[in-house]
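I have a structure here, written as structure tokens, and I will follow up with some questions on it.
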Amino acid sequence: MDIEGFATAFAIFESEGVEGYVNGGAGQGLTVVRNREAWDAIEVRPRSLAGVGSRDLTTTVLGKPENHPIMVAPVGFQGYVHADSEHGLVEGAVAAGARYCHSTFGASGFAELEQVEGLRWWFQLYCFADAGLNRSLIERAIEAGADAIVMTVDLAALGHRDRDAHTGFTLRGNRPVACVAEVGLADPRLAPVWASLDHDISWATLEQTVATSTVPVLVKGVLRGDDASTAIDLGAGGVIVSNHGGRQLDTAIPTARALVDVVEAMGGRGEVLVDSGIRSGNDVAKALGLGASAVLVGRPVLWGLGVGGHVGVAQVLDLLVQDFDRSMALMGASSVGQLTRDLFVLPK
Ligand SMILES: Cc1cc2nc3c(=O)[nH]c(=O)nc-3n(C[C@H](O)[C@H](O)[C@H](O)COP(=O)(O)O)c2cc1C
């Protein structure tokens, strides 16, 4: 099965509500569509006769070696998709040699992640109004082995998702939010935890996160060059150009377009990663050519999880890695460093 096959295997979801939760976007879903269109609209000027018989997909991100530049984006509430839940994503990532980003609303706690042989991971932090809780989460994540803190900044309010409104899907249940429970919050059930998120986060919150963290901080959800530049000025190690897969602000700029502005504004001062709508090896190559050091994928790994648990996750990631390898060959690049800006033509 190819990635498209996973994408269309909607019968994998237990209900229309879960399918809408995973695949839906904010408002009319325009940004979901435009994310795809923007990657597709970038044309390639491949290099000829480049001697690309053997190719090296490895790279370095935040000073750490990576097998390839394709990572698993943070996604919450994986239990709706498959009984393997977060274990499926984690095991699939390890099998495919991909770095994993653990969501604040992931199903596992830090103690479980700490036990997984070969897992290389970052912790995605949704900030809480209680600065002490943020501090505890950051410190515990680092103690458990997180190599970076990914601070998501595009959730000042939850995006209005028409699909969820139509199907009546809501995140249900009173199970504790695992990582929050682990740091000892008095009432770690979903509803009170959700209510304690800080919807007033600001640059001061980033400064606190940077001051607390002994590992690099990446700011996820940046779509403007000036914001990216401010994040670096305040001590972030880099940014993730993301519109949350079109789930937050409908008509937010597609990330393929925002990436160009962000890379230019940062001027090489920090790491730039990108997600939202990455579905093929060509997309990955384009992202790297425009200046990203790695990409993250969200829905594709959930499709894999739904189809085949951890095996499906590994299969989706392997397909993407193989497709990226093929794209490099056809574009005339034998290493990720050879995916340079001159290979790509932006739409007028
Ligand atoms: C079901 C689902 C849950 C998500 N949960 C989170 C989350 O907990 N934290 C976060 O920062 N982003 C979350 N995201 C956004 C992803 O990290 C990522 O930005 C997005 O999925 C990338 O776009 P793509 O799905 O088109 O690859 C979620 C996305 C999906 C589809």
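If I take every Cα pair under 8 Å that is 6 or more residues apart in segment 3-333, average their sequence separation and divide by the length, what percent do I get for the relative contact order?
Working: 684 pairs, mean separation 90.5, N = 331.
Once divided by the residue count of segment 3-333, the mean separation gives 27 percent.
On alpha-carbon atoms, Rg over Rh for segment 237-348 using Kirkwood Rh?
Values: Rg = 14.5 Å, Rh = 14.8 Å.
Taking Rh as the inverse mean 1/r over Cα pairs, Rg/Rh reads 0.98.
Treating only the Cβ atoms of Lys and Arg (+1) and Asp and Glu (-1) as charged, compute the dipole magnitude of segment 30-73 about its Cα centre; round to the nearest 20 debye.
It comes to approximately 60 debye.
Report the calculated FRET efficiency for HIS166 and ARG224 (r = Cβ-Cβ distance, R0 = 25 Å), to the nearest 0.05. Don't skip to the end; give the middle numbers.
Values: r = 32 Å, r/R0 = 1.27.
Using R0 = 25 Å, I get an efficiency of 0.20.
So how much slack lies between ARG55 and GLU14, counting 0.36 nm per residue of separation and subtracting their Cα-Cα distance, in nm? Could the numbers behind the result be given before it?
Working: separation 41, 0.36 × 41 = 14.76 nm, distance 4.04 nm.
Taking ARG55 through GLU14 to full extension adds about 10.7 nm, to one decimal.
Calculate how many DSSP beta bridges within the chain are antiparallel, expressed in % of all such bridges and rounded to the nearest 5.
Numbers: 7 of 34 bridges.
Bridges in the chain that DSSP calls antiparallel: roughly 20 percent.
A further question follows. Using 0.36 nm per residue, how much length does the chain from ASN67 to ASP40 gain when fully extended, once their Cα-Cα distance is taken away? Intermediate values should be presented prior to the final figure.
Values: separation 27, 0.36 × 27 = 9.72 nm, distance 2.55 nm.
Fully extending the segment from ASN67 to ASP40 adds 7.2 nm.
Please compute the net charge surrounding SER334, taking Lys and Arg as +1 and Asp and Glu as -1 over other residues with Cβ under 15 Å from its Cβ. Mind dumping the intermediate values first?
On the way: positive: ARG47, ARG55, ARG326; negative: ASP56, ASP325.
Surrounding charge for SER334 is +1.
Give me the net charge for the shell around GLY27: Cβ to Cβ below 14 angstrom, other residues only, Lys and Arg +1, Asp and Glu -1. Don't skip to the answer; put the middle values down first.
Numbers: positive: ARG34, ARG161, ARG163, ARG247; negative: ASP162, ASP164, ASP250.
With Lys, Arg at +1 and Asp, Glu at -1, the net is +1.
Expressed in whole Å with the largest first, what are the equivalent ellipsoid semi-axes of the chain derived from the C-alpha gyration tensor as the square root of 5 times each eigenvalue? Could the numbers behind the result be given before it?
Details: eigenvalues 174, 106, 81 Å².
Values for the chain, descending: 30, 23, 20 Å.
Pull out the extension gain between ALA195 and ALA157, defined as 0.36 nm times the separation in residues minus the alpha carbon to alpha carbon distance; nm, one decimal. Numbers along the way, then the final one.
On the way: separation 38, 0.36 × 38 = 13.68 nm, distance 1.13 nm.
Additional length available on full extension: 12.6 nm.
Something else: Report the one residue of TYR126, LEU89, GLY291 whose Cα lies farthest in the direction of the positive end of the charge dipole of the chain (charges on C-beta: Lys and Arg +1, Asp and Glu -1; origin at the Cα centre).
Among TYR126, LEU89, GLY291, the one farthest towards the positive end of the dipole of the chain is GLY291.
Any number yet on Rg/Rh for segment 223-300, C-alpha, Kirkwood? Working shown, then result.
Values: Rg = 11.8 Å, Rh = 12.4 Å.
Here the Rg-to-Rh quotient is 0.95.
How large is the dipole of segment 3-333 about the Cα centre if only Lys and Arg carry +1 and Asp and Glu carry -1, each at its Cβ, rounded to the nearest 20 debye? Walk me through the numbers before you get to the answer.
Numbers: 24 positive and 39 negative charges, 103 e Å.
Charge dipole of segment 3-333: 500 debye, to the nearest 20.
Let me ask something else about it. For a bin width of 5 Å, list the pair-distance distribution of segment 107-214 built from all Cα-Cα distances, rounded to whole %.
Final binned percentages: 2, 11, 20, 21, 20, 14, 8, 3, 0.
Another one. Looking at the chain, do any whole DSSP H helices span at least 30 angstrom along their long axis by alpha carbon and average -0.5 or above on Kyte-Doolittle, and which?
What comes out of the filter, once short or polar helices are dropped, is 299-331.
Rounded to the nearest 10 Å², what accessible area does TYR126 have for a 1.4 Å probe in the complete protein model?
30 Å²
Taking the solvent-accessible surface of protein heavy atoms with a 1.4 Å probe, what is the per residue accessible area of the chain in Å²? Walk me through the intermediate numbers first.
Numbers: 14010 Å² over 348 residues.
Accessible area per residue: 40 Å².
The values are calculated or read from the model by the stated rules, or taken from the named source; none is laboratory data. Note that this is a predicted model, so its numbers are computed, not measured. Every residue, glycine among them, receives a Cβ derived from its backbone with ideal geometry; neighbour counts consider all protein chains shown. Note: accessible area is taken over every heavy atom of the protein model, side chains too, but ligands, DNA and RNA are not part of it. Shrake-Rupley method; radii C 1.70, N 1.55, O 1.52, S 1.80 Å.
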